[in-house]
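Here the structure is laid out as structure tokens; the discussion comes afterwards.
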Amino acid sequence: MSNTYFQFKQFVINQDNCAMKVCTDSCLFGAWIVQLIKDREMNVSNALDIGSGTGLLSLMVAQHFKIKIDAIEIDTLAANQAKDNVSISSWPNSINIINTSMQSFNPNIQYDFIFSNPPFFEDDLQSADDSKNAAKHSTTLTLTELINFMKNNSNGFSAIIIPSHRYEYIESILNNAGLFINEMMFVKQTPKHEYFRAMLLFSKNKSAKKFTEICIYDENRIYTKSFTELLKEYYLNL
């Protein structure tokens with residue numbers, strides 16, 4: 001049984017009412033987003049989190065930047081839990097959790113940054129639990145819909161995390177939408193494993209693709225130095 005909560009250094013994530021629990025790759029994605037904003041010196045005053053789940057990504061961003069974040073979540077139980085997680089954090093006024101689908105969301109602004117850990121499985125074996133299917137599979141949101149929404153509602157960068165084997169598929173969707181990958185990080189469990197996740201930063205501006213890779217563990221199942229550097233401001237044991 002999954003833990004009902006996950007304690008970070010500066011906030012806690014309660015997750016008993018959420019289909020998508022805290023996992024290593026979502027934490028890595030949140031830390032990568034923060035590092036991108038810092039390294040690229042992005043001028044971000046507002047951001048949008050699509051499919052916020054527990055509110056994890058928004059809270060990781062809010063820990064570092066004074067940014068107004070809208071976070072939309074289609075599942076009512078998850079949205080309510082995210083609201084609770086935000087309310088007990090140090091940044092209750094920075095994050096606005098909205099219980100709605102992306103298709104029904106009509107923002108009246110253009111966001112400086114949009115990020116999403118989307119339901120990225122299609123035509124895969126599904127669960128009997130509809131909430132898990134909505135969180136993990138494209139039963140309520142396709143990648144094409146997501147990318148087009150990001151294009152139409154961002155005046156800056158967008159970022160997503162996907163299974164690495166779907167990289168060419170997502171690249172074709174981006175190309176069709178007139179968007180360009182600016183930076184990408186591919187993720188391995190250990191140096192002996194194949195890539196299993198790809199984290200992509202993209203925008204309407206074409207530039208040389210910056211490619212990096214990261215291993216979560218070394219050969220001895222100890223966190224690598226690069227992983228530790230990214231997650232040390234969040235994980236209690238780092």
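Where a number appears in this text, it was derived from the coordinates with a stated rule and is not lab data. Keep in mind that this is a model prediction, so the values were computed, not measured. Positions of Cβ are backbone-derived with ideal geometry, glycine not excepted, and every protein chain shown enters the neighbour counts.
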Connecting every pair of Cα atoms under 10 Å apart in the chain and solving the GNM, the largest mean-square fluctuation among Asp16, Asp25, Asp75 falls on Asp16
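Using the 2.2 N^0.38 Å rule of thumb for compact globular proteins, work out how the range 1-117 stacks up: its C-alpha Rg over that value, please.
Taking the Cα Rg and dividing by 2.2 N^0.38 Å, one obtains 0.99.
Report the relative contact order of the range 60-124, percent, no decimals, based on alpha-carbon pairs under 8 angstrom and at least 6 residues apart.
Reported as a whole number, the value is 36 percent.
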Within the set Ile95, Ile114, Ile170, GNM on the chain using Cα springs under 10 Å gives the largest fluctuation to Ile170
Checked against the positive end of the charge dipole of the range 196-238 (+1 on Cβ of Lys and Arg, -1 on Cβ of Asp and Glu, about the Cα centre), the farthest of Ile216, Asn205, Leu238 is Asn205
Shape call for the range 186-238, from the Cα gyration tensor axes a ≥ b ≥ c (a/c under 1.5 means rounded, otherwise prolate when a/b beats b/c, else oblate), comes out oblate
Using alpha carbon centers only, the range 166-182 is separated from the range 101-116 by a whole-angstrom value of 19
Here FRET efficiency (C-beta to C-beta, Asn3 to Arg221, R₀ 22 Å, nearest 0.05) is 0.60
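Give me Lys210, Lys188 ranked fewest to most by other Cβ atoms within 10 Å of their Cβ, as a rough exposure proxy.
Lys210, Lys188
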Bounding extents of the range 150-227 in its principal axis frame from Cα atoms, largest first in Å, are 45, 22, 21
Given unit charges at Cβ for Lys, Arg (+) and Asp, Glu (-), the dipole magnitude of the range 132-215 about its Cα centre in debye, nearest 20, is 120
Here the FRET efficiency for Ser207 versus Asp84, based on Cβ atoms and R0 = 30 Å and rounded to 0.05, is 0.15
Once normalised by the length of the chain, the mean sequence separation of its alpha carbon contacts under 8 Å that are 6 or more apart gives a contact order in percent of 17
Answer in debye to the nearest 20: the dipole magnitude of the chain about its Cα centre, from +1 Lys/Arg and -1 Asp/Glu charges placed on Cβ, is 600
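For a quick check: sort Arg197, Arg166 by the number of other beta carbons within 10 angstrom, fewest at the front. Before the final figure, lay out the partial values.
Details: Arg197 22, Arg166 15.
Result, fewest neighbours first: Arg166, Arg197.
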Correct semi-axes for the chain, from √(5λ) of the alpha-carbon gyration tensor and rounded to whole Å with the largest first, are 23, 22, 20
